[in-house]
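Engineer: Below is the structure I would like to discuss, written out as C-alpha cells.
What follows draws every value from the coordinates through simple rules; no lab data is involved. Keep in mind the model is a prediction, meaning the values are calculated, not measured. Here the Cβ is made from the backbone with ideal geometry for all residues, glycine too, and neighbour counts use every protein chain on show.
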Amino acid sequence: MGWYNVCPIEEGTGIPLTDQETPYALYYCHTVSPQTIQEIKQASELVGSVLMEAWSIVRTLDEETLLDYGFPKDAIKVVKHDSLAPFCMRLDWCWNEETGVKKVIETNPQTPSFWFECTEGNGKVAEHFELKDPVYDAQNVLSVSLNQHIQRAAQVLKKRVQECRVAFTALNNAEDLGTMRWLSKKFNHKSAVLPLEYLRIKDGKYLFDSRTGLPIDILFMWYPIEWVIYDTDDKGERLWPALEQLILENKVVIVNFGSAFALQPKSIFALITDLGLELFNHKDAQTIFDYFPKTSMVPEKIGNSYFAKPILGREGAGGFAVKSGEVAVRSHSNDPWYIEQDYVYQELLELPTLELAQQSMTVVWGAWLYNNGQDKLVSGGVGMRVSEGKITDNISYWCPIGC
C-alpha cells in the first residue's frame, strides 16, 4: 500500500482489509511555483487575522445571536468559556490564477483531515519525483506552535507541562487516529494516543483513559462538538453534560475545542459580512474585501447564483450550487444530518481546474494556520485536493505538489 491508496483496518485485529482498498491520492506530483505557494501562505495569514478578530467577537455575542447564526444551544457555554485561542485551522481556497479569483471558501478549525499531506506528505512525494518540498518549514512551524500551545494549556490548569498527562484522541479509523499518532510525535513530552471510545469520566471529577485508568489533564480531541453534544453511552445516557462540566470547571483542557468551534460554523463568513468593514481595522477590512466571498444566511442577499451549504457541513456534504436560479450541481453526499440543517449562502465562485490523465479535475487548495503563541495565526502547510465533480467532497483526491 502506498500513499496513493487507502484501505480500512479491521477492528480488533488491526489487519488491513486490502480487498476494500480505494484510491486516495494521485500517483503524480503537480509542479507549482514557489511564488504561488508564498502568495497563498501570505493571503492565509491575512485571513487568519480577520478570523482571530471574529473569534474575539463571537465570544461576546449573546446566546440569541449565536443561535441565529446556527450555533447549537448545547455548545454555547463552552464556546464562550474557552479563553485559550484556537490552535490551528485549515483554510479552503478557491485560488484561480487564470481568472484572478482568489477567495477563501471556508475555515476548518476542528478537523484532522488533510493535515499530514499538507505538512509532510507533499515533501515526501516531491522527493520521490525529484522535486523540492513546497513548504519545507511546515513541520517545524507545527512542532513549535504545538508545544507552545500545550504549555499554555498547562498554565490554564496552573501546572507545569511536565506534570500534565496529555492525550490525543479521534475516531477509531486509519486516517483520524493515524493523524493523531503522527501529531503526538511533534510533542516534546510523553503523551498517550487513544480511540474516542476509551475516554471515561470518573464521578464528575476527571477524564481518564479506561485502558490504563490514568487521568487526562490536556486533551487533543479531533472530533466535532456538534457530534459530541449528541453522543450517548451504552445505556442511552447523554455524555455531554458531564464533559461540559469538567471543561467549565477547568478540570480538563481540551485544546482547539470550544475556541475552534467558535469559527467552525459556515455562518462565520455570514457574520463577518454582516458586521461590515467598519468594525475591522483598515488592514483586516482590506483583507475581507480582497479575499472573503460575500456570504449570507439569506439567499436573496446573494442573488440568483450562489453556493449553499449546511451551517455545520463537512466535506461538501449537503452542498449545492445554484446558477441563474436553477440548481446546477449537488453533492454526492446528502445525509439527512446535513440537509436538514439551516444553510448558509455564498457567492458562486469559479474553482480552478487541472487537466490530469485526459480528465478535467476541480481544484481546491488547503492552507494550514497555527497559533504562534501570541494569538497570531502563522502559515504552515499547503496542499491541493482535486475531484472529478464540481464539489470537493469526501471522495476527492489528494494531488501532491512540489516545486
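Engineer: Quick one: in region 273-403, what % of C-alpha pairs are over 25 Å apart?
Structural biologist: Working: 3243 of 8515 pairs.
The share of Cα pairs beyond 25 Å in region 273-403 comes to 38 percent.
Engineer: Choose one answer from Gly366, Gly303, Gly258: the residue with the largest mean-square fluctuation in a GNM of the chain with alpha-carbon springs under 10 Å.
Structural biologist: For the chain, modelled as a Gaussian network with Cα springs under 10 Å, the answer is Gly303.
Engineer: Based on Cβ point charges of +1 for Lys and Arg and -1 for Asp and Glu, what charge dipole magnitude is obtained for the chain about its Cα centre, in debye rounded to the nearest 20? Before the final figure, lay out each step's value.
Structural biologist: Working: 37 positive and 53 negative charges, 258 e Å.
For this selection, approximately 1240 debye.
Engineer: Under 5 Å between amide H atoms, partner at least 5 residues away or on a different chain: which partners does Met361 have, H built in plane at 1.01 Å?
Structural biologist: Amide H to amide H, under 5 Å and 5 or more residues apart or across chains, Met361 pairs with Leu354, Glu355, Leu356.
Engineer: Report, in deg cm²/dmol and to the nearest 500, the calculated mean residue ellipticity at 222 nm for the chain, where each DSSP H run with n ≥ 4 adds -39500 (n - 2.57) and the sum is divided by the residue count. Intermediate results must be reported in sequence, preceding the final value.
Structural biologist: Values: 12 runs with 114 residues, N = 403.
Using -39500 (n - 2.57) per qualifying helix, the result is -8000 deg cm²/dmol.
Engineer: Further, regarding this structure: From the Cα gyration tensor of the chain, with a ≥ b ≥ c the square roots of its eigenvalues, which class applies: rounded if a/c is under 1.5, or else prolate if a/b is larger than b/c, or else oblate?
Structural biologist: Details: a/c = 1.43, a/b = 1.18, b/c = 1.21.
Rounded is the answer for the chain, as its axis ratio a/c remains below 1.5.
Engineer: Follow-up question, since we're still on this one. So between Ala174 and Thr65, what do we pick up on full extension, going 0.36 nm a residue minus the alpha carbon distance? Please report the intermediate quantities before stating the final value.
Structural biologist: Numbers: separation 109, 0.36 × 109 = 39.24 nm, distance 3.82 nm.
So the extension gain works out to 35.4 nm.
Engineer: Compare the Cα positions of Gln42, Ser210, Trp240 along the charge dipole of the chain (+1 at Cβ of Lys, Arg; -1 at Cβ of Asp, Glu; about the Cα centre) and return the one farthest towards the positive end.
Structural biologist: Value: Ser210.
Engineer: In µm²/s, what is D for region 33-168 at 4 °C and 1.567 mPa s, where D = kT/(6 pi eta Rh) by Stokes-Einstein and Rh is the Kirkwood radius from Cα pairs? It would help to have the intermediate numbers written out before the result.
Structural biologist: Numbers: Rh = 17.8 Å.
The estimated diffusion coefficient comes to 73 µm²/s.
Engineer: Do the alpha carbons of any pairs in Lys158/Lys251; Lys41/Lys103; Lys80/Lys283; Lys301/Lys323 sit beyond 21 Å of each other, and which pairs? Intermediate results must be reported in sequence, preceding the final value.
Structural biologist: Values: Lys158/Lys251 11 Å; Lys41/Lys103 13 Å; Lys80/Lys283 26 Å; Lys301/Lys323 15 Å.
Table pairs above 21 Å Cα-Cα are Lys80/Lys283.
Engineer: Below 8 Å, C-alpha to C-alpha, sequence gap of six or more: please give me the relative contact order for the chain in percent. Present the calculation step by step, with values, prior to reporting the outcome.
Structural biologist: Numbers: 814 pairs, mean separation 100.9, N = 403.
Relative contact order comes out at 25 percent.
Engineer: Calculate, in nm to one decimal, what Glu97 and Phe129 gain on full extension: separation in residues at 0.36 nm each, minus their alpha carbon distance. Could you put the intermediate results ahead of the total?
Structural biologist: Values: separation 32, 0.36 × 32 = 11.52 nm, distance 2.44 nm.
The span from Glu97 to Phe129 would gain 9.1 nm if fully extended.
Engineer: Now, a different point. Using θ = phi - 60° and the Karplus curve 6.51 cos²θ - 1.76 cosθ + 1.60, what whole-Hz ³J(HN,Hα) does each residue of region 241-251 get, with Gly and Pro shown as x?
Structural biologist: Each residue of region 241-251 in turn: x, 5, 5, 4, 5, 4, 5, 5, 8, 6, 8 Hz.
Engineer: Classify region 138-205: rounded, prolate or oblate, from the alpha-carbon gyration tensor (a ≥ b ≥ c, eigenvalue square roots; a/c under 1.5 rounded; otherwise prolate if a/b is larger than b/c)? Could you put the intermediate results ahead of the total?
Structural biologist: Values: a/c = 2.51, a/b = 1.02, b/c = 2.45.
Oblate, since a/c reaches 1.5 and b/c is not below a/b.
Engineer: How far apart, in nm, are two points set 7 Å out from the Cα along the Cα-to-Cβ line at Lys77 and at Asp274?
Structural biologist: 2.4 nm
Engineer: A follow-up question, please. Hey, if you put +1 on the Cβ of every Lys and Arg and -1 on every Asp and Glu Cβ in region 311-403, which of Trp337, Ala367, Tyr397 ends up farthest toward the positive end of that dipole?
Structural biologist: Of the options given, the answer is Ala367.
Engineer: Fully extended, how many nm does the chain gain between Val327 and His282 (0.36 nm per residue separation, minus their Cα-Cα distance)?
Structural biologist: Working: separation 45, 0.36 × 45 = 16.20 nm, distance 3.72 nm.
Here the segment from Val327 to His282 would lengthen by 12.5 nm.
Engineer: Using a simple charge model, +1 on the beta-carbon of Lys and Arg, -1 on the beta-carbon of Asp and Glu, nothing else, what dipole does region 293-361 show about its Cα centre, in debye to the nearest 20? Spell out each step's value before the answer.
Structural biologist: On the way: 6 positive and 9 negative charges, 20 e Å.
My answer is approximately 100 debye.
Engineer: Follow-up question, since we're still on this one. Cα gyration tensor of region 25-74, axes a ≥ b ≥ c as square roots of the eigenvalues: rounded (a/c below 1.5), prolate (a/b > b/c) or oblate? Don't skip to the answer; put the middle values down first.
Structural biologist: Values: a/c = 6.29, a/b = 2.20, b/c = 2.86.
Oblate, since a/c reaches 1.5 and b/c is not below a/b.
Engineer: Under 16 Å from the Cα of Lys124, which lysines turn up, not counting those fewer than eight places away in the same chain?
Structural biologist: Filter leaves Lys132.
Engineer: Once the Cβ-Cβ distance between Gln151 and Thr212 is put in as r, and R0 is 35 Å, what FRET efficiency do you end up with, to the nearest 0.05?
Structural biologist: Values: r = 24 Å, r/R0 = 0.68.
The pair Gln151/Thr212 has a calculated efficiency of 0.90.
Engineer: For region 264-270, take each phi angle, set θ = phi - 60°, evaluate the Karplus expression 6.51 cos²θ - 1.76 cosθ + 1.60, and give the result in whole Hz per residue in order, putting x for glycine and proline.
Structural biologist: So the J values, rounded to whole Hz, are 7, x, 5, 5, 4, 5, 5.
Engineer: Between Ile201 and Ala357, what is the FRET efficiency for a Förster distance of 45 Å, r being their Cβ-Cβ separation, to the nearest 0.05? Don't skip to the answer; put the middle values down first.
Structural biologist: On the way: r = 51 Å, r/R0 = 1.12.
According to the calculation, E is roughly 0.35.
Engineer: Assigning unit charges at the beta carbon (Lys, Arg +1; Asp, Glu -1) and nothing else, what dipole magnitude in debye, to the nearest 20, does region 217-314 show about its Cα centre?
Structural biologist: So the magnitude is around 360 debye.
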